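Have a look at the structure below, then the notes.
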Amino acid sequence: MRYATSLALALACACARHPADVESPAPPQEPAAAVPMTQRVRDPVDPPPTFLDPRRRERLAAAFPAIEDYLDRAVERDHLVGLAAAIVIDGEVAWSKLWGHRDPARGLPIEHDTLFGVGSISKTVTALAILRLRDEGRLDLDRPARTYLPELARIAYPTADSPEITLRHILTHASGLPRMGDFPEYPQEPLDRAAFLATLEGLALERPPGERRIYSNLGFQLLGPLIDDVAGVDHRIYTRDQILRPMGIEGAAWSADEVPVDRLAIGHEHGPDGTPRPRPPWRPGATDAAGGLYLSLDDLARYAAHNLDAWPARSDPETGPLRRSTLREAHTLQRLTDLQFRPDAGGASVQASGNGLGFGVSADCRHDYMVAHGGKTLNYRAAILMLPTRGVGVVLLTNHSSISSRVLPNDGRMVLDLLADTGALEARQHRASDDLLAAAAELGALVGRWDPEAYARSFSDDYRDANPLHRTEATLERWRGLVGACGEPRALEVQEPRAGAVELRCERGQLHLE
C-alpha cells in the first residue's frame with residue numbers, strides 16, 4: 001500500500017513536549033425526517049473524534065458546587081425574581097437548579113416545566129426553519145429574498161449598485177435592514193401580517209446588503225411571513241411541528257396566551273422604588289419570529305442537547321428534523337464581525353466573533369469554539385451557550401428584565417470558566433489511524449536501515465519529486481548516527497486520523513514526526 005504521506009521531520013534528542021397570537025394550537029402536522037444526503041461515502045470510514053479521559057464527566061461534576069454558589073450570589077446580586085439554569089453534557093442534563101418564583105404574588109416556585117420568554121433565542125429556531133426549507137429544495141439562501149416575500153421589493157436601497165437582500169444576508173445580520181421597523185418594539189396589541197408588511201413601503205436600508213453587520217430584529221421578523229408563504233402553513237405551526245417537536249420539545253408556545261396560567265413565569269421589571277413588579281407580556285403578533293417564543297428550562301436544555309448532537313461529523317443515521325451537517329453549517333462562522341486582542345497576566349487573550357446562520361459564533365484561547373445566543377424582552381432574559389467540540393452547553397432563564405442584556409450570557413461564560421478550571425473541559429480528539437501509525441513505523445525502520453522499496457511506499461510522489469533521493473538517504477543516515485534504531489511509534493497529537501504528530505522512541509533519544 002502507498003502512503004500518500006508528506007512528513008515534515010524534526011529531531012529532538014532525549015526531550016519531550018505538550019400573525020396575531022395563536023389563541024388555540026392548530027392540529028399538528030406530521031413531522032418529516034431530515035432530508036437525506038445522497039453522496040458516496042469513503043470506505044472504510046474513519047471513526048469520529050472522542051473524549052479520551054474516562055473520568056471527564058466525573059471531573060466536570062466537581063465544579064457543580066462552585067457553579068451553584070456563583071449563581072446563588074448572582075440571584076442576590078441582581079435581585080432576581082426567579083432563575084432557572086442547567087448544564088448539558090453529552091446530550092444529558094448533568095446539573096440544574098431553580099431559584100425563586102414564577103408567580104411571587106401566589107408564592108408559586110419556578111419549576112422545570114415553567115415557561116419563560118426566550119426573546120432573541122427565537123431567531124435560532126426561525127433560522128433552522130429556513131434551513132429546513134432550504135434542504136427541502138423550497139428556497140435558496142442566495143437568491144433575492146423578494147423571490148419568497150414579494151413585499152421586500154418595496155424597500156429603498158441606499159445606492160444604485162447595492163445587491164439585493166438575500167436570506168443569507170438576513171440570517172447573518174448583513175441585510176442592511178435597520179434594527180427595528182416602523183412600529184412599536186414591544187406592542188401590547190398584536191400587529192397583523194398586512195399592517196406589518198405595509199411598513200416596508202419606502203423603508204430605507206441603512207447600508208448596502210453584505211457590507212457590514214447591523215443586528216436586525218426586523219430581518220428575522222420578516223422571516224415569519226416568508227416561512228408562512230414558502231411552507232404553506234403558519235410559521236408557528238411549521239416550527240412547532242417540523243423543528244421543535246421532533247427534538248422532543250412539546251411545551252413550546254409562540255404567545256403567552258397559549259401558555260397555561262400555572263406554567264407561565266410572570267415577567268417582572270424593577271419598579272420606581274427598586275422592587276420587582278409584574279409587567280404584562282408583549283404581543284408581537286406577526287413579528288414574533290424574531291423574539292416571541294416561550295420555552296421551559298427542560299425544553300431549552302433539550303434544544304441545546306440536540307444542537308450539540310450535530311457534532312462531530314459521523315456516519316450514524318440521522319435522527320432529528322435537520323441534517324447534522326445543516327446544524328453544523330448554522331453553527332459555523334459565516335461573517336467575522338469582531339477581533340479582540342488583550343494582553344493579560346498569562347501573555348495574551350484573543351477572541352474572534354461573528355455570525356453563523358441565526359447563531360452567534362466566537363472562538364478564543366480558553367474555550368476554543370462557542371455557539372451562543374442571548375434573549376431579552378421587557379420582562380424576561382435568556383441565554384444559551386454551547387461548546388460543540390467539548391459536548392457541553394449552558395442554558396439560563398429569568399423572569400426579571402431589569403438587568404443588562406449581557407448579564408446572563410456573562411454568567412453563562414462564568415459557568416463555563418468554572419467547568420474549565422477542572423481541567424476536564426477537553427475537546428474531542430481523533431485517534432491515530434492504523435495508516436498513520438504504519439507510515440510512522442515504516443519511517444522508523446528506514447532510520448534503522450535504508451530500504452529503497454520502503455522509501456517508495458512511505459513518501460508521496462510530490463515529496464520524492466521535491467527532495468532528491470540522495471538527500472533523504474543522507475538525512476536518515478545522519479539521524480541513525482544520532483539516535484540509533486527506533487521502536488514502535490506513539491501518537492502525540494492527532495489533528496485527523498491520517499495526520500498528526502508522532503513520537504518514535506529510539507536507542508539514544510526520540511524522533512518527533514509531524
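Scoring residue 196 on the criteria (1) under 20 Å from residue 124 (Cβ atoms); (2) surrounded by 20 or more Cβ atoms within 10 Å (Cβ to Cβ) leaves a single failure, condition (1).
Per-residue answers, yes or no, for (1) surrounded by fewer than 19 Cβ atoms within 10 Å (Cβ to Cβ); (2) of a type in the set (A, V, I, L, M); (3) outside any helix (DSSP H, G or I):
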{"site": "72", "(1), (2), (3)": "yes, no, no"}
{"site": "80", "(1), (2), (3)": "no, yes, yes"}
{"site": "86", "(1), (2), (3)": "no, yes, yes"}
{"site": "94", "(1), (2), (3)": "yes, yes, yes"}
{"site": "101", "(1), (2), (3)": "no, no, yes"}
{"site": "105", "(1), (2), (3)": "yes, yes, no"}
{"site": "111", "(1), (2), (3)": "yes, no, yes"}
{"site": "122", "(1), (2), (3)": "no, no, no"}
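What is the residue count in the stretch 402-436 for residues that are assigned to a loop (DSSP other than H, G, I, E, B), of a type in the set (Val, Ile, Thr) and closer than 25 Å to residue 104 by Cα? Can you show your working first?
Filtering the stretch 402-436 down to residues assigned to a loop (DSSP other than H, G, I, E, B) leaves 402-406, 421-428, 430-433.
Narrowing the set further to residues that are of a type in the set (Val, Ile, Thr) leaves 403, 422.
Of the ones still in play, those that are also closer than 25 Å to residue 104 by Cα are 403.
Residues meeting the conditions: 1.
The single condition among (1) over 15 Å from residue 249 (Cβ atoms); (2) modelled with pLDDT of 95 or more; (3) touching a Leu at 6+ places or on another chain (Cβ under 8 Å); (4) not acidic (Asp, Glu) that residue 328 does not satisfy is (3).
Residue 260 fulfils the conditions (1) touching a helix residue (DSSP H, G or I) at 6+ places or on another chain (Cβ under 7 Å); (2) closer than 21 Å to residue 112 by Cα except for a single criterion, (1). Taken over the stretch 431-466, the criterion of being under 43 Å from the mean Cα position of the chain (by Cα) and of a type in the set (A, V, I, L, M) is satisfied by 432, 436, 437, 438, 439, 440, 441, 443, 466.
Report yes if residue 174 is at pLDDT 95 or above, more than 25 Å from residue 359 (Cα to Cα) and either of a type outside the set (Val, Ile, Thr) or part of a helix (DSSP H, G or I) (or both), otherwise no. Spell out the reasoning first.
Details: at pLDDT 95 or above: yes; more than 25 Å from residue 359 (Cα to Cα): no; either of a type outside the set (Val, Ile, Thr) or part of a helix (DSSP H, G or I) (or both): yes.
In short, no.
Residues being of a type outside the set (Asp, Glu), loosely packed, with under 14 Cβ neighbours inside 10 Å and not in a helix (DSSP H, G or I): count how many of those fall in the stretch 440-476. Give the derivation first.
The initial filter retains those residues of the stretch 440-476 that are of a type outside the set (Asp, Glu), namely 440-441, 443-450, 452, 454-460, 463-464, 466-472, 474-476.
After this cut, where a residue has to be loosely packed, with under 14 Cβ neighbours inside 10 Å as well, the list is 449, 452, 456, 466-471, 474.
Those still in the list that are not in a helix (DSSP H, G or I) too: 449, 467-468.
Total meeting the criteria: 3.
Evaluated against (1) closer than 20 Å to residue 284 by Cβ; (2) crowded, with 18+ Cβ neighbours inside 10 Å; (3) at pLDDT 95 or above; (4) of a type in the set (A, V, I, L, M), residue 205 falls short on exactly one condition, (1).
Scanning the stretch 208-239 for residues that are surrounded by fewer than 17 Cβ atoms within 10 Å (Cβ to Cβ) and in a helix (DSSP H, G or I) turns up just one, 229. Note on the stretch 240-263: residues that are part of a loop (DSSP other than H, G, I, E, B), within 17 Å of residue 128 (Cα to Cα) and among the small types (Gly, Ala, Ser) total 2. A single entry from 417, 411 fulfils the requirement of being closer than 30 Å to residue 69 by Cβ, surrounded by 13 or more Cβ atoms within 10 Å (Cβ to Cβ) and in contact with a helix residue (DSSP H, G or I) (Cβ under 7 Å, 6 or more places away or on another chain): 411. Note on the stretch 181-198: residues that are at pLDDT 95 or above and under 27 Å from residue 360 (Cβ atoms) total 1.
Determine if the stretch 385-401 includes at least one residue that is touching a strand residue (DSSP E or B) at 6+ places or on another chain (Cβ under 6 Å), surrounded by fewer than 23 Cβ atoms within 10 Å (Cβ to Cβ), small (Gly, Ala, Ser) and in a loop (DSSP other than H, G, I, E, B). The answer is yes, given that some residue of the stretch 385-401 is touching a strand residue (DSSP E or B) at 6+ places or on another chain (Cβ under 6 Å), surrounded by fewer than 23 Cβ atoms within 10 Å (Cβ to Cβ), small (Gly, Ala, Ser) and in a loop (DSSP other than H, G, I, E, B).
Being assigned to a loop (DSSP other than H, G, I, E, B) and of a type in the set (Val, Ile, Thr) is the filter here, so list the residues in the stretch 28-64 that pass it.
First, the residues of the stretch 28-64 that are assigned to a loop (DSSP other than H, G, I, E, B): 28-49, 51-55, 62-63.
The answer is 35, 38, 41, 45.
Residue 127 falls short on exactly one of the conditions (1) among the aliphatic types (A, V, I, L, M); (2) touching a His at 6+ places or on another chain (Cβ under 6 Å); (3) farther than 30 Å from residue 278 by Cβ, and that condition is (2).
The set of residues in the stretch 76-107 being among the β-branched types (Val, Ile, Thr) and under 17 Å from residue 379 (Cβ atoms) consists of 81 alone. Selection of the stretch 160-171 for residues being surrounded by 24 or more Cβ atoms within 10 Å (Cβ to Cβ) and not aliphatic (A, V, I, L, M) yields only 169. Scanning the stretch 478-486 turns up at least one residue that is out of contact with any Gly (no Cβ under 7 Å at 6 or more places or on another chain), loosely packed, with under 13 Cβ neighbours inside 10 Å and either of a type outside the set (A, V, I, L, M) or at pLDDT below 80 (or both).
The values are calculated or read from the model by the stated rules, or taken from the named source; none is laboratory data. This one's a predicted model, so the numbers in the text were calculated from it and none came from an experiment. Ideal geometry is used to build each Cβ from the backbone, glycine not excepted, and the neighbour counts take in all protein chains shown.
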